[in-house]
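Working notes, structure below.
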Amino acid sequence: MSKHTHAFQAEVKQILHLVTHALYSNKEIFLRELVSNASDACDKLRFEALDNAALYEDQPNLEVRVFFDPDAKTLTIRDNGVGMSAEEAAANLGTIAKSGTREFMAKLEGDQKKDAQLIGQFGVGFYSGFIVADRITVETRRAGLPASEGVRWSSEGTGEYELETIEKAGRGTDIILHLRDEDAAEFLSTWRLKSTIGKYSDHISLPILMEKEEWDSEKNEQVRKGEWETVNKAAALWTRSKSDITDAEYRDFYQQISYDAEAPLAYTHNRVEGRSEYTQLLFVPKKAPMDLWNRDKRGGVKLYVKRVFIMDDAEALMPAYLRFVKGVIDSADLPLNVSRELLQESRDVKAIREGSTKRVLGMLESLADSDSADDKAKYADFWKEFGAVLKEGLGEDFQNKERLAKLLRFASTHADSGVSFADYVSRMKEGQEAIYYVTADTMAAAKSSPQLEIFKKKGIEVLLLTDRVDEWMLSHLHEFEGQSLQNVAKGAVDLGQLQDEAEKKAAEEAAEAFKPTLDKLKDALKDRAKDVRVTTRLVDSPACLVADEHDMSGHLARLLKQAGQ
Ligand code: ADP
Ligand code: MG
């Protein structure tokens, strides 16, 4: 193939413009992105080579090399990973296949720290090279293709790119950045590159090599003598011993896998032995992602088998209601060629999912039950962000229902937030036989619900439930530690021993006295109301609607109607 010029897809042009302008003050992230691509390419090769060892050719040791030429002002990131064919280069470096590009662009809005995280999250990392380079040349050869089928891709990052066939002996990819003058002055320095790699890429499990530098006293400058050294730790973080890992290292690792600008709220790191052997390193983020409500969204847990990366977003490893958890699971038992379909059925995966679920719940419990005010505040933050998702677990995870019920927090007539069932029970009145709650669309509606009047009068606490999932959740949860849960808007509220004899008698007398009126009302409402009763539940309001004991409550009926059911 002779040299051909191709136009970028329109979105790529926009992305290029935005990326290079929005991220200029955080430019060093280009190195993180390009090293991470090099590492992905090596992971892909290792994976493909499971079925075809010949792909390793004569280079079984996967690695990344970073080197530069001060005269030419070029910086090269070289990997001996899977490489790209001409078609792959055109598709991967000339178009943006991922959806969400528009969303990404809308979000790039000048918050540098956030934007720098977004760039990786949306899979446009390669283009970040153009922050510092006015031309990028990519020389690559797909593993398995002959040396004559190498490809050179080159672009100034404006409207178009060139592709040509080259001879390339070594498998893999060289990303050659032709740096702008001011960036050359900053980045063509072993020290600067080393410290940036240390900051972002220490946990990359491949060795990242750079040429050693020595002081030459005759020339009076640093010289490089073609000897290479590994400049990162090159050990996947989760394989290291807990006691050797600092909080800052955990945080950095979390930020790299999640693209979150914030530190995690909590994490758990364990090596599990026994019937099923695996290592888990799981994080709970501080903030919910935008797509938290998309239950089809893939999970945030990466699967490794014996340190070989297998797949991102292995949803079979976590129940849907814990879809906000990020992290890594490294199994010692699964076959390396495990597929998503196989994962769904594997007993080992089931054991991992159960074990990991318990760990996450344990991590949340230790915050919720902690004596430290700091931990309690963390749990309150967690609840605000993810509580509504956790509630889904009550209908999904029968095994952990009780643990989940203890983690629930509510608003009530007693406190605006943070009320647990245990708190409620501790405040129950003498003779109170149930945990009372009311559901509504908004807190204001819940608070002014006429059904609450009698409870207010008697000083009985009522939980105020306003999350969309609450009714559904409570259809799966009928009691808490032997106390039944009762919707105050359903059936005849039996206040049991809380109602005194005089009140009961007054109610019966009223029912008698109002019988003619009730009959008239029943007749007038016969198609619209099942029954009309005298009630003791109102104090100030003249009338209220209630659902029959076994019917859907008004609130759920409204929700289903909205959902078109
Ligand atoms: P992402 O890494 O999220 O897919 P990037 O913009 O960083 O997005 O990279 C785009 C694509 O280009 C990658 O998915 C990969 O297919 C290809 N690519 C980039 N760098 C390399 C490399 N060093 N080796 C092989 N393929 C690469
Ligand atoms: Mg990338």
Global form of region 372-486, assessed from the alpha-carbon gyration tensor, a/c cut-off 1.5:
rounded
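Rounded, prolate or oblate for region 4-44? Axes are the square roots of the Cα gyration tensor eigenvalues, ordered a ≥ b ≥ c, and the cut-off for rounded is a/c under 1.5.
Values: a/c = 2.93, a/b = 1.17, b/c = 2.49.
Oblate, because a/c is 1.5 or more while a/b does not exceed b/c.
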Extension gain, GLU508 back to GLN9 (0.36 nm per residue minus Cα-Cα distance, nm)
171.8 nm
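Once the piece of chain linking SER195 and ASP69 is laid out straight, how much longer is it, given 0.36 nm per residue of separation minus the C-alpha distance between them? Kindly include the intermediate steps, with their values, before the conclusion.
On the way: separation 126, 0.36 × 126 = 45.36 nm, distance 1.85 nm.
Extra length available between SER195 and ASP69 comes to 43.5 nm.
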Go through 419-430, 316-327, 203-214 and give me the packing order, highest mean Cβ count within 10 Å leading.
316-327, 203-214, 419-430
Amide H neighbours of PHE480 at under 5 Å, excluding residues fewer than 5 places away on the same chain, with H built from the backbone geometry, are LEU485
Just to check I understand the Karplus step: with θ = phi - 60° and J = 6.51 cos²θ - 1.76 cosθ + 1.60, what whole-Hz values come out for region 253-259, glycine and proline as x?
4, 4, 5, 5, 7, 9, 6
One finds, for ASN61 and MET428 with R0 = 45 angstrom and r their Cβ-Cβ distance, a FRET efficiency to the nearest 0.05 of 0.10
Can you list residues from other chains, or at least 5 along the same chain, whose modelled amide H is less than 5 Å from the amide H of SER412?
SER417, LEU464
What spacing in nm lies between the two simple spin-label points modelled at ASP467 and SER448, each 7 Å away from Cα in the Cβ direction?
2.6 nm
Using the Karplus curve 6.51 cos²θ - 1.76 cosθ + 1.60 with θ = phi - 60°, what ³J(HN,Hα) values do you get for each residue of region 515-521, in whole Hz, with x for Gly and Pro?
3, x, 5, 4, 4, 4, 4
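Residue separation times 0.36 nm, minus the C-alpha to C-alpha distance between HIS476 and SER2: what's the value? All intermediate terms of the calculation are to be shown ahead of the outcome.
Numbers: separation 474, 0.36 × 474 = 170.64 nm, distance 6.64 nm.
Full extension of this stretch gives 164.0 nm more.
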Which whole-Hz ³J(HN,Hα) couplings does region 32-46 yield from phi under the Karplus relation 6.51 cos²θ - 1.76 cosθ + 1.60, θ = phi - 60°, glycine and proline marked x?
4, 5, 6, 5, 5, 5, 4, 5, 4, 5, 6, 4, 5, 5, 4
Among the listed pairs LYS376/LYS456; LYS326/LYS378; LYS73/LYS225; LYS457/LYS490, those beyond 24 Å (Cα-Cα)
LYS376/LYS456
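Which net charge results for the neighbourhood of PHE130, defined as the other residues with beta-carbon distances under 13 angstrom from its beta-carbon, given Lys and Arg at +1 and Asp and Glu at -1? Don't skip to the end; give the middle numbers.
Details: positive: LYS13, LYS27, ARG135, ARG180; negative: GLU33, ASP134, GLU156, ASP183.
Here the count lands on 0.
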What residues have an amide H closer than 5 Å to that of GLU160, excluding those fewer than 5 places away on the same chain, when H is modeled at 1.01 Å from N in the peptide plane?
PHE8
Using per-residue counts of other Cβ atoms within 10 Å, averaged over each peptide, order 83-95, 239-251 from highest down.
83-95, 239-251
With a ≥ b ≥ c from the Cα gyration tensor eigenvalues, square-rooted, and the rule rounded for a/c under 1.5, otherwise prolate when a/b > b/c and oblate otherwise, region 137-186 is oblate
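A short reminder: the numbers here are calculations on the coordinates, not readings from a lab. Remember, predicted model here, so these are calculated numbers, not experimental data. So basically every Cβ, Gly included, is an ideal-geometry build from the backbone, and we count neighbours across all protein chains shown.
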